[in-house]
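A short write-up of the structure that comes next.
The values are calculated or read from the model by the stated rules, or taken from the named source; none is laboratory data. All figures in this text were calculated on a predicted structure; none of them were measured in a lab. Glycine also receives a Cβ, built like all others from the backbone with ideal geometry; neighbour counts cover every protein chain displayed.
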Amino acid sequence: MLIKDLEQFVISDSATIHDAMQAIENNWREIVMVQNQNEVIIGIITDGDIRRGLLKGLTMDSLASTVMSSGYISVALKTDRSAVLDLMKALRIRHVPVVDVDKHLLGIHFLEEIIGTNKRPNAAVIMAGGKGTRLRPYTEACPKPMVKVAGRPILERIILNLVGNGICHIFVSINYLGHMIEEHFGDGRDFGCQIEYLRETTELSTGGALSLLPDTLQDPIIVLNGDQVTRINVQALLACHTESGADATISVGHYQHEVPYGVVHQLDGHLVRLEEKPALDILINLGIYVLNPSVLQLVPKNQFFLITDLYAQLLLKNKTIATYFSEEDWIDVGRPDDLKRANGLE
């Protein structure tokens with residue numbers, strides 16, 4: 001909520017219940033903040049608080065502060081949207097004010113805005129059917145996408161990032177321990193989206209599950225692996241795909257590797273230069289893609305298939321493939337050491 005819009009959500013501590021009701025009627029958000037003369041937010045009033053106060057015998061002329069909740073929940077300005085949504089779900093609340101250290105109002109998070117930001121027609125597919133053998137023992141009784149990073153399953157982080165970018169139709173491919181994923185996410189409504197499951201009866205790898213998608217999709221499809229910790233800007237990725245007129249887009253990022261040896265540069269059997277332990281900076285595939293629905297016809301039905309093989313076929317057919325460069329933090333949680341790093345333990 002922009003700062004210029006906040007006035008309609010604030011009343012003074014000398015206001016009456018009638019004033020609070022009028023403010024709630026005007027802002028259409030079922031909530032109003034109470035501030036003192038120093039503009040410190042001292043409480044929150046919902047229309048439910050008012051109804052309960054009137055039932056207890058208060059009148060329209062009673063002070064609004066008599067029905068406010070002074071022990072309200074608030075967040076700081078830098079709190080990310082996924083954390084706010086998590087808080088709302090846990091406490092079953094629909095509004096969270098944003099305040100500074102002195103409890104001055106800076107903004108308000110509304111559940112409807114968090115789960116419905118700039119809704120896009122695009123669907124996303126998350127590949128979550130792998131066994132995660134490299135991540136054992138963590139995956140012996142838990143599918144890899146449900147392994148927790150900083151207290152939250154990796155898959156939940158991916159889904160919340162998609163929802164925060166307006167992607168609300170999500171397909172999740174499942175196989176190994178897939179029932180645990182279904183039990184956690186259900187149909188997706190608690191996470192602000194619609195989730196459908198692509199149930200693999202055999203291992204289909206990173207691309208085979210695309211053959212299970214319905215043929216009714218008309219807009220570019222985002223494809224992600226279910227074991228990545230990233231907050232890639234999905235809207236910028238889609239904009240890149242559209243503006244380039246591509247049939248497919250692949251996200252790329254920097255990867256630096258220090259060669260642990262001295263590197264020899266030679267020409268025709270003669271030393272030209274020695275380079276001691278150079279750092280190589282290369283572009284790598286981040287495992288996040290955008291595909292036009294028309295390219296899905298190249299995916300074999302219900303067979304083990306790598307998505308990189310799909311891109312190889314597109315290159316052979318001279319299709320337009322765009323690259324989207326991302327500078328966002330990205331961790332592929334494929335091994336125990338990766339998981340420790342993602343949890344800040346290394």
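Residues of the stretch 152-166 that are in contact (Cβ under 8 Å) with a residue 60 or more places away in the chain and under 16 Å from Met127 (Cα atoms): Ile154, Leu155, Arg157, Ile158, Leu160, Asn161, Leu162. Of the residues making up the stretch 116-153, those that are outside any loop (DSSP other than H, G, I, E, B), surrounded by 17 or more Cβ atoms within 10 Å (Cβ to Cβ) and at pLDDT below 70 number 2. Annotation: Thr46 fulfils all but one of (1) polar (S, T, N, Q); (2) more than 19 Å from His109 (Cβ to Cβ); (3) buried (at least 18 other Cβ atoms within 10 Å of the Cβ); the unmet one is (2). Screening the stretch 11-43 for residues that are surrounded by fewer than 17 Cβ atoms within 10 Å (Cβ to Cβ) and among the aliphatic types (A, V, I, L, M) and picking the one that is nearest to Ile73 (Cα to Cα) gives Ile42. Taking the stretch 205-295 and the strands (runs of 3 or more DSSP E) fully enclosed by it, the elements with 2 or more residues that are among the polar types (S, T, N, Q) are at 228-230, 248-258.
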